[in-house]
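Asker: First the structure, then my questions, so here it is.
The values are calculated or read from the model by the stated rules, or taken from the named source; none is laboratory data. All values derive from a computational prediction rather than experimental measurement. Every residue, glycine among them, receives a Cβ derived from its backbone with ideal geometry; neighbour counts consider all protein chains shown. To get the accessible areas, we keep the full protein, side chains included, count just its heavy atoms, and leave off ligands, DNA and RNA. Shrake-Rupley method; radii C 1.70, N 1.55, O 1.52, S 1.80 Å.
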Amino acid sequence: MNEIKICVIGLGYVGLPLARLFSTKYKTVGFDLSAKRCEALMAGHDATLEVSDELLQDAINNHGFVCTSDIEAIRDCNFYVVAVPTPVDENNNPDLTPLYGASTTVGKVISKGDIVVYESTVYPGVTEDECIPVVEKVSGMKFNVDFFAGYSPERINPGDKLHTVEKIKKVTSGSTPEIGKIVDDVYSSVITAGTHLAPTMKVAEAAKVIENSQRDINIAFVNELSKIFTKMGIDTLDVLEAAGTKWNFLPFRPGLVGGHCIGVDPYYLAQCAQRYGYNPEIILAGRRMNDGMGEYVAVETIKHMLKKGIQVLNSQIVIFGFTFKENCPDVRNTKIIDIYRALKEYNVNITVYDPWANPAIAKHEYGIEVTNELPAGKFDALIMGVAHNEFKELDVTNFVKENHVIFDVKGTLPKDIVDARL
């Protein structure tokens, strides 16, 4: 290829850090459908907090990084990277709508000899069977003749300031061996942790989708153990600590499985398996277990309230945390909402406090009120749902009545003050 000019399509948790990194080496344009998002980024601030203001402003001021919603501004790029979300719908079926839209955008601007690399998590075959035909149709060009493709699964860990994008080894692939080498060279030039060139795009797609499916199944296992040991009156975390003294014991902990990866990707793999006539029992069993943990926390909280003689009807309950993980503003697929909705069935009053979550986004996405201010008054029950650093500094007993229940979902509170934990 001639001099590489990169366009990253989708400036969310995945796309923006990658685009910023590419800009240190190549002329890079970030494209997003949201003009408001682009304006905010060009003003030097990332609301997702994945890229610091300092790094973002350096990319803009010193490396010529530009964010735009104008499709004409990306027409002269020759290396397109698609980093849009791949969610599931209300029936847990993969929703490829964002990918179709991004592929249409690429098709409108791609030129002869250009490469489009997909990063969005998909099941094996989506890039070639679903995305590329859209690019071909819109552009009028032929795949692997006029333009080429690659797949390099995203490995961003939202909120993690230690394992940033350049420090995580990257899997790469191309639609031909030659293109695979070019894609790998581009990524390896900015990824300090190195790259792994997979033999085909389908192998790269499959590698990504099993990474998170494996974690999902392991967490489901310890969630099931938590339910069993709770019935036996045994502390699950004590058991895991003891078992963890063996060198090859895997250190998974029970908890809520939300976010845009672990709680979603197994459904992509499951649907793919079903298309080939195989019912993936272990994968779907793990999903059922993990999807039910929010309701389990709510029911166990109510049980403990009843055991203590606390009036449940119209009681006051506070939930600490709403994001899907600690120290991160991301509320996508948060399982705290499952706790909230299950508790609401008991006609209780719920306050949700999270200093990281954007109340407007929570209201828009889930229809509930979330406050950034420390709650006032005393509560009948407190659920510690997310392990934000700010919560570790609080004495949560100051927020509950004399007769109360504290449920520690994350296992971060002192054992002697909690009534239950996973």
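Asker: How much of the accessible area of segment 293-413, in percent, comes from carbon and sulfur atoms when a 1.4 Å probe is used?
Answerer: Result for segment 293-413: 47 percent of the exposed heavy-atom area is carbon or sulfur.
Asker: Still on this structure, I have one more. Against the 2.2 N^0.38 Å scaling, with N counting residues, where does segment 24-138 land? I'd like the Cα-based Rg ratio to two decimal places.
Answerer: Details: Rg = 15.3 Å, N = 115, 2.2 N^0.38 = 13.4 Å.
So the Cα radius of gyration is 1.15 times the expected 2.2 N^0.38 Å.
Asker: For segment 145-222, max minus min Cα coordinate along each principal axis, in Å, sorted largest first?
Answerer: 49, 25, 17 Å, listed from the longest principal axis down.
Asker: How much length, in nm to one decimal, is gained on full extension between Met232 and Ser188, taken as 0.36 nm per residue of separation minus their Cα-Cα distance?
Answerer: Difference between extended and current length: 10.7 nm.
Asker: Could you pull out which residues in segment 179-199 have an amide N less than 11 Å from a spot 7 Å beyond the Cα of Asn218, following the Cα-Cβ vector?
Answerer: So the set is empty, nothing qualifies.
Asker: Using only Cα atoms, find the angle between the long axis of helix 201-232 and the longest principal axis of the chain, and express it within 0 to 90 degrees, rounded to the nearest 10.
Answerer: That works out to roughly 0 degrees.
Asker: If you don't mind, another one. In Å, what is the Rg of the alpha-carbon atoms in segment 237-310, and how long is Dmax?
Answerer: 17.0, 53
Asker: Once the cut-off is 18 Å, how many percent of the Cα-Cα pairs in segment 284-410 end up in the long-distance tail?
Answerer: Numbers: 3992 of 8001 pairs.
In whole percent, the share of Cα-Cα pairs in segment 284-410 beyond 18 Å is 50.
Asker: Say the cut-off is 31 Å between C-alpha atoms; which of Lys170/Lys325; Lys208/Lys415; Lys303/Lys335 go over it?
Answerer: Lys208/Lys415
Asker: If I take R0 = 60 Å and measure r between the Cβ atoms of Arg341 and Glu178 in this structure, what FRET efficiency does the formula 1/(1 + (r/R0)^6) give, to the nearest 0.05?
Answerer: That gives a FRET efficiency of 0.70.
Asker: If contacts are Cα pairs under 8 angstrom and at least 6 residues apart, what is the relative contact order of segment 222-341 in percent?
Answerer: On the way: 97 pairs, mean separation 33.5, N = 120.
About 28 percent, as a whole number.
Asker: Right, another one. Please list, in order along segment 362-368, the HN-Hα scalar couplings obtained from phi with the Karplus expression 6.51 cos²θ - 1.76 cosθ + 1.60 (θ = phi - 60°), rounded to whole Hz, x for Gly and Pro.
Answerer: 4, 5, 5, 7, 10, x, 10
Asker: Let me ask something else. What list of ³J(HN,Hα) values in whole Hz, one per residue of segment 36-48 in order, does the Karplus curve 6.51 cos²θ - 1.76 cosθ + 1.60 (θ = phi - 60°) give from phi, with Gly and Pro shown as x?
Answerer: Result, ordered by residue: 5, 4, 5, 4, 5, 5, 5, 7, x, 9, 9, 5, 7 Hz.
Asker: Could you pull out which residues in segment 229-258 have an amide N less than 12 Å from a spot 7 Å beyond the Cα of Lys415, following the Cα-Cβ vector?
Answerer: Only 234-242 fall inside the zone, counting backbone N under 12 Å.
Asker: Something else: Based on the mean of other beta carbon atoms within 10 Å per residue, what is the order of 397-403, 374-380, 290-296, most packed first?
Answerer: So the order, starting with the most tightly packed, is 290-296, 374-380, 397-403.
Asker: In whole angstrom, how long is each semi-axis of the equivalent ellipsoid of segment 9-63, when you take the square root of 5 times every eigenvalue of its Cα gyration tensor and sort them from largest down?
Answerer: 15, 12, 10
Asker: In terms of Cα to Cα distance under 15 Å, which aspartates and glutamates are near enough to Lys25, apart from those fewer than 8 places away along the same chain?
Answerer: Result set, ordered by chain and number: Glu3, Asp58, Glu166, Asp184, Asp185.
Asker: Rounded to two decimals, what is the ratio between the C-alpha radius of gyration of segment 315-363 and 2.2 N^0.38 Å?
Answerer: 1.11
Asker: For segment 183-272, restrict the atom set to alpha-carbon positions and state the Rg and Dmax in Å.
Answerer: In order Rg, Dmax, the Cα atoms of segment 183-272 give 17.6, 55 Å.
Asker: Restricting to DSSP loop positions (anything but H, G, I, E, B) with no more than 15 other Cβ atoms inside 10 Å of their own Cβ, which GluC sites (Glu not before Pro) remain in segment 84-193?
Answerer: On the way: sites: Glu90, Glu119, Glu128, Glu130, Glu136, Glu154, Glu166, Glu178; in loops: Glu90, Glu119, Glu154.
Answer in residue order: Glu90.
Asker: To the nearest 0.05, what FRET efficiency results for Asp146 and Lys363 with a Förster distance of 60 Å applied to their C-beta separation?
Answerer: 0.85
Asker: Taking amide H positions as placed in the peptide plane 1.01 Å from N, state which residues far from Ile9 in sequence (5 or more) or on other chains have amide H under 5 Å from it.
Answerer: Counting only residues 5 or more places away or on other chains, the set is Phe31, Val81, Val82, Ala83.
Asker: I've got another one for you. In angstroms, what radius of gyration and Dmax does segment 283-338 have, counting Cα atoms only?
Answerer: For segment 283-338, the Cα radius of gyration and maximum Cα-Cα distance read 13.9, 40 Å.
Asker: With every protein chain kept in place and ligands, DNA and RNA left out, what is the accessible area per residue of the chain? Probe 1.4 Å, answer in Å².
Answerer: 45 Å²
Asker: Next up: Stretch Ser52-Ile310 to full length: gain in nm at 0.36 nm per residue minus the Cα-Cα span?
Answerer: So the chain would gain 88.3 nm between Ser52 and Ile310.
Asker: May I pose another question? What do you get when you divide the Cα radius of gyration of segment 362-422 by 2.2 N^0.38 Å, with N the number of residues?
Answerer: 1.19
Asker: Still on this model: Show the residues, 5+ positions off or on another chain, whose built amide H is closer than 5 Å to the amide H of Phe379.
Answerer: The list, which skips near neighbours in sequence, is Val400, Lys401.
Asker: Once the other residues with Cβ under 12 Å from the Cβ of Val135 are scored (Lys, Arg +1; Asp, Glu -1), what is the net sum?
Answerer: Details: positive: Lys108, Lys137, Lys142; negative: Asp114, Glu128, Glu130, Glu136, Asp146.
Here the count lands on -2.
Asker: Considering the chain as a Gaussian network with a 10 Å cut-off on Cα pairs, which listed residue, Leu306, Leu18, Leu56, attains the greatest mean-square fluctuation?
Answerer: Result for the chain, Cα springs under 10 Å: Leu306 fluctuates most.
Asker: Return an integer: the convex hull volume of the alpha-carbon atoms of segment 121-250, in Å³ per residue.
Answerer: 154 Å³
Asker: Note down the nm distance, to one decimal, between modelled labels 7 Å out along Cα→Cβ at Glu390 and at Leu374.
Answerer: With each label placed 7 Å out from Cα toward Cβ, I get 1.1 nm.
Asker: Given a Förster distance of 25 Å, report the FRET efficiency between Ala242 and Ile282 from their Cβ-Cβ distance, rounded to the nearest 0.05.
Answerer: 0.45
Asker: Taking only the Cα atoms of the chain, how large is their convex hull per residue, in Å³?
Answerer: In the chain, the Cα convex hull volume per residue is 151 Å³.
Asker: How do the peptides 39-52, 233-246, 255-268 rank, highest first, by the average count of neighbouring beta carbon atoms within 10 Å per residue?
Answerer: 255-268, 39-52, 233-246
Asker: When the accessible area of segment 59-189 is computed with all protein chains present and a 1.4 Å probe, what percentage of it is carbon and sulfur?
Answerer: It is 51 percent, rounded to a whole number.
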